[in-house]
Amino acid sequence: MSGIGSPSMLNRDRTILDRSEAIARIEDVAATAEDFDRIVSQSLPLLLDRTVGYIKRFLRDTGQWSEDVAHEKFVLRWGAEYLEQFLVSGRFEVPCRPLFLLDSMVAKQHSRPEPFCYHPDLLTPLGRFLDGLVGRAAVSRDALIALYHHCYGLGPGQVIATLRLNGSESPRIYKNFQRWRDSGWKRTLEDIGLTAPDLQGLTEQCHQQRRRFNGEAERMLRFVQAHYRKSEPDHYPCLSRHQWEDMFLQGYGIEYRIWHLALCLNCLQTAWDLGFAGASAIEKPRVALQFQP
Amino acid sequence: MEEHMHPMDSEPERTGYREHLLDVIRTGARRTGCGASEPIHVFVNQQRIGQLDGAGTEATLQVRHQTPIESVHLRSEDGVLLGGLSTPEYGFKSSRIALMRDAVELRVQNTAQGGVVSAVFLPAPGLWHRARRAFGRIVGQGAPRPVAAAGSGGRILAVAQILLAIVLIGHFADRITGWTTPATQPLPVIQADIPQAAPLSEVAKLEQQLIELAQTQTKTIETIQTQQQGMAQLQRTMAKLSTAQESVASNVMTVAQELEHSRKGTEHNVDRMTRVLMNKNRSEREQLEAEIHSLLIANDQLSRERTQLEQNYQELKKQLTSSGQDISKTTVPDRDKLVMAQQDAPPQIADAKPIRPQPPFLLWVSFSEGTSQASIDQWVLDMHGRKGAFSEGWQAVEIVPPTEPMERVLDQIKQTKIVKAVKISR
Ligand SMILES: [Zn+2]
């Protein structure tokens, strides 16, 4: 504990006092996992701001920063992501100094070639919608399955037919859809900071110039998909038409199909071209964004 | 447009978003909307490597990575971060991550050659479970080591992944993965779970059960070993095949180049040669495919057995809960009457004159031949439906009236694998 705090401090200095106390605490050593949890949970706002500060600096240093709300939200979103990871794994690093542990974790992230998916176009509402959704799909199976709906307008039955899934996989697909509609969709919108007016605007734009809008969406979607495909297992590369055919006929690679085809428009179309979904008379999947779950 | 507004105008939006994110972080793993039986996804270095089936039994996932492992994360089906670990560049690290009820034990070992991570799902312990663990340790000293899926080439790895799943997702996880740490843990004492004053006959009965269990376990281990041998053989075949493919490709190239040089040479010869080489390749390929096929069948067999066990468990659970739901059953006769009414009346009339505000919708479904009753029940459950009469191959199913257009609903149902046909009138 620090000696900065004194009971005679005036009330208006209370905030400053709390802040410096918090800093003093997280600079201290956390001896046990419980210590760590306690120290960190008392200083979450401070830790978030610190992380956000680092990400801002990273963007500035790499010439990618500008002063607007989209950039502010971008750094907040990633700051929260980093902090969440710090919280779960930091508690196994005891004894440690939480503040410096956070610094080192952020530095490690930023030493990677591409710590996050950044492109100026992705800071428009459309870009944030696609980046947020596909980014979520990289960590959530519910969101992954929902991509088939939001990007191409496929329902659960059509997903099952297009991917040629077997009976035992089907209930899970329906469950994924259900949970996404019940809670996943709303939560994801909130977590990526897309507001109701944002969504309204997108729906209107899509309505007015459907073709042009979806064309633009496809261009961004390809960019975003290529980035987040890195979240797939190493051994899920794009396959040739022949290889997909083989996989579909032999009935292996269920997970491969589900993950890769959600994140790769080219392969999805290749797989569709094989004609296995033909009986259900589904149109060839093309980008047709859906703004309702 | 609003992206370029003055920072002052956007301040409330930014603050609101920041507050929301802080709430998200505070709530943490409790945010998940997934039940305890949903799979848990395992990520290594932010890459998804597989999943643990959290359906009440122990399960193991083990993966060899070609680069050192920096982080391991566990996420629910809806993407919520449940726990994680960052790991040292060299050496061993393990920790137990507590989930809502269950736990996952993570073990990571990094060497100069890369890293190995093993994740063991440990369901909330009960007497039966502890006894099994204890006895498992006593009986089997020769625990088989899992075959790691190291290698290269997309297809080989894709196939290997399936096989790995067969080998690794076993029910006796603690023994299979025991190789990463020496078995220094003290054996839990089974007797501790038996009341001191238990009659001798009870003890004898329990003993008998444990012996039977041990026998089952030995059999399972044998199966796993057989499958491992199969996999090793398959890997050899695949290695042979890819070498063969390479040599075929280079032979074809050489032939084609020679043809380029002497244009007078007959195309016929080249074609013939290519065909011969390709045929040779094909027969090897067919052999490989046959082997894969037989392994897939074995896999199916295992998963069927597992499904059976799960169904038994569900059945038991149902029986347990049904005793507490007798009061709610008073509404059942009404619903039955409703089914009868709909069966007798033409569906249009039933639709036009609803008996109550939201009457269930009646469908007649014919299932594909060979569909088990259990999978029909599961499907009905997934549809949030209820079975009615069965007549001449058609099963009546009541569902909640859909909000979507009826054609779309019927289409979706038709696309279900086990459904042969569906109609709305008898
Ligand atoms: Zn692809």
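A few points about this structure:
- Complete set of residues in the stretch A:268-293 that are within 12 Å of chain B (Cβ to nearest Cβ) and touching a residue at least 12 places away in the same chain (Cβ under 8 Å): A:277, A:279, A:280, A:282
- Counting only residues that are free of Cβ contacts under 8 Å to residues at least 24 places away in the same chain and surrounded by 18 or more Cβ atoms within 10 Å (Cβ to Cβ), the stretch A:94-143 holds 2 of them.
- For the stretch B:76-127, residues that are in contact with a Gly (Cβ under 8 Å, 6 or more places away or on another chain), modelled with pLDDT under 90 and open to solvent by less than 30 Å² (accessible area, probe 1.4 Å) total 2.
- Residue A:168 open to solvent by 10 Å² or more (accessible area, probe 1.4 Å), facing another protein chain (nearest Cβ under 9 Å) and part of a helix (DSSP H, G or I): no
- So residue A:283, is it near the ligand (Cβ under 10 Å from one of its atoms) and at pLDDT below 95: no
- The stretch B:366-395 residues that are under 18 Å from residue A:166 (Cα atoms) and among the small types (Gly, Ala, Ser), paired with ones that are open to solvent by 40 Å² or more (accessible area, probe 1.4 Å) and assigned to a helix (DSSP H, G or I) (beta carbon under 6 Å, 6 or more apart): B:374/B:311
- The stretch B:95-110: number of residues that are more than 14 Å from residue B:44 (Cβ to Cβ) and among the β-branched types (Val, Ile, Thr): 1
- Candidates A:83, A:48 - the one that is under 30 Å from residue A:262 (Cβ atoms) and not assigned by TED's automatic domain parsing to the domain that holds residue A:183: A:83
- Residue within the stretch A:151-164 that is within 12 Å of chain B (Cβ to nearest Cβ), open to solvent by 30 Å² or more (accessible area, probe 1.4 Å) and basic (Lys, Arg) present: yes
- Odd one out for residue B:102, checked against (1) of a type in the set (D, E, K, R); (2) touching a Phe, Trp or Tyr at 6+ places or on another chain (Cβ under 7 Å); (3) within 12 Å of chain A (Cβ to nearest Cβ); (4) more than 19 Å from residue A:85 (Cβ to Cβ): (3)
- Subset of the stretch A:210-253 (residues that are within 14 Å of chain B (Cβ to nearest Cβ), among the hydrophobic types (A, V, I, L, M, F, W, C) and within 16 Å of the ligand (Cβ to nearest atom)): A:238, A:239, A:244, A:247, A:248
- Of all residues in the stretch A:38-57 being away from chain B (no Cβ under 11 Å) and under 19 Å from the mean Cα position of the chain (by Cα), the one that is surrounded by the fewest Cβ atoms within 10 Å (Cβ to Cβ): A:56
- Filter result for residue B:67 (open to solvent by less than 10 Å² (accessible area, probe 1.4 Å), over 16 Å from residue B:100 (Cα atoms) and more than 8 Å from chain A (Cβ to nearest Cβ)): no
The values are calculated or read from the model by the stated rules, or taken from the named source; none is laboratory data. Every value quoted in this text rests on a predicted model; they were computed, and no experiment measured them. When we count neighbours, we look across all protein chains shown, and the Cβ atoms used for this are built from the backbone with ideal geometry, even at glycine. Remember, those area values only see protein heavy atoms, side chains included, never the ligands or the DNA or RNA. Shrake-Rupley method; radii C 1.70, N 1.55, O 1.52, S 1.80 Å.
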